[in-house]
Amino acid sequence: MIDLKSAIRSIPDFPKEGIIFRDITTLLLDPEAFGEAINRMHEFCRKRKVDKIIGIESRGFIFAGALADRIGVGLIPVRKAGKLPGDTIEQTYDLEYGSATIEVHADAISEGDSVVIVDDLIATGGTLEATCKLVERMGGTVAGITALIDLSYLPWHNRLGGYDILSLITYDSE
């Protein structure tokens, strides 16, 4: 089994001083590491009845697209407000200083659809929580959440504690 954490580059003081940015592009450049990540996420999805995969803008699209193709189900993009054409459903959520809104196509999820939500990183959990709310408002069920990285030292557990979550790499401190 490949050590995925060793495939991630850490960049200190980006985007501002005191932050360590976890750069996944080095993992994406390594076909063995990327393949291992997709294999592990696929195993998580395979154990659930999944009708669709949701990818969260933008790096979540990378993993979600590969998973949807491998499983043979549709891919639903969740994007920042104003980025999707046609009828959409929005969900606003709180940020540390302010709020943000995400949206999905109004016809993307049908009553009873079972979905797995995919992102690259879990930090505060705000975007993932908002995505779960969108799925549930549309009549779908969140079968699970998977992400490449989780920052366990941030309070995302408070927001996502009721969901089945697989993260492949955990950082316990900054």
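All of the numbers you see were taken from the coordinates with simple rules; none came from a lab. Small disclaimer: the values here were computed from a predicted structure and weren't measured. Ideal geometry is used to build each Cβ from the backbone, glycine not excepted, and the neighbour counts take in all protein chains shown.
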Options V142, G65, G82, ranked by Cα towards positive dipole end of region 49-171, top entry (Cβ charges): G65
Chymotrypsin sites (Phe, Trp or Tyr not before Pro), loop per DSSP, at most 14 other Cβ atoms within 10 Å - longest free stretch of the chain: 1-96
Sparse-neighbourhood loop sites, trypsin sites (Lys or Arg not before Pro) in region 1-32 - DSSP loop, at most 14 other Cβ within 10 angstrom: K16
Fewest-first sequence of I56, I20, I71 by Cβ atoms within 10 Å of each Cβ: I20, I71, I56
DSSP-defined antiparallel bridges as percent of all bridges, region 20-174, nearest 5: 30
Candidate lysines for bridging to K52, where Cα separation is under 17 Å - those fewer than 8 sequence places away on the same chain excluded: K133
Long-range tail of P(r) for region 1-83 (Cα pairs > 22 Å, %): 37
Reachable aspartates and glutamates, given that their alpha-carbon falls under 20 Å from the alpha-carbon of K83 and they are not under 8 places away in the same chain: E57, D94, E103, D107, D119, D120, E129
Loop-located trypsin sites (Lys or Arg not before Pro) in region 60-164 whose Cβ has at most 15 other Cβ within 10 Å (DSSP): K83
Cα-centre dipole for region 1-158 with unit charges at Cβ (Lys and Arg positive, Asp and Glu negative), debye to 20: 260
Signed unit charges on C-beta, dipole axis of region 1-73, positive-most listed residue I56, T25, S6: I56
Ascending count of other beta-carbon atoms within 10 Å, so fewest first, for E103, E57, E90: E90, E57, E103
Solvent-free Debye scattering, log10 I(q)/I(0), computed from the Cα coordinates of region 49-171 at q = 0.12, 0.20 Å⁻¹: -0.39, -1.14
Span-rule helices in the chain, defined as complete DSSP H runs reaching 18 Å or more along the axis (Cα) with Kyte mean at least 0.0: 59-71
Ratio Rg/Rh [Cα only; Rh per Kirkwood] for region 100-174: 0.99
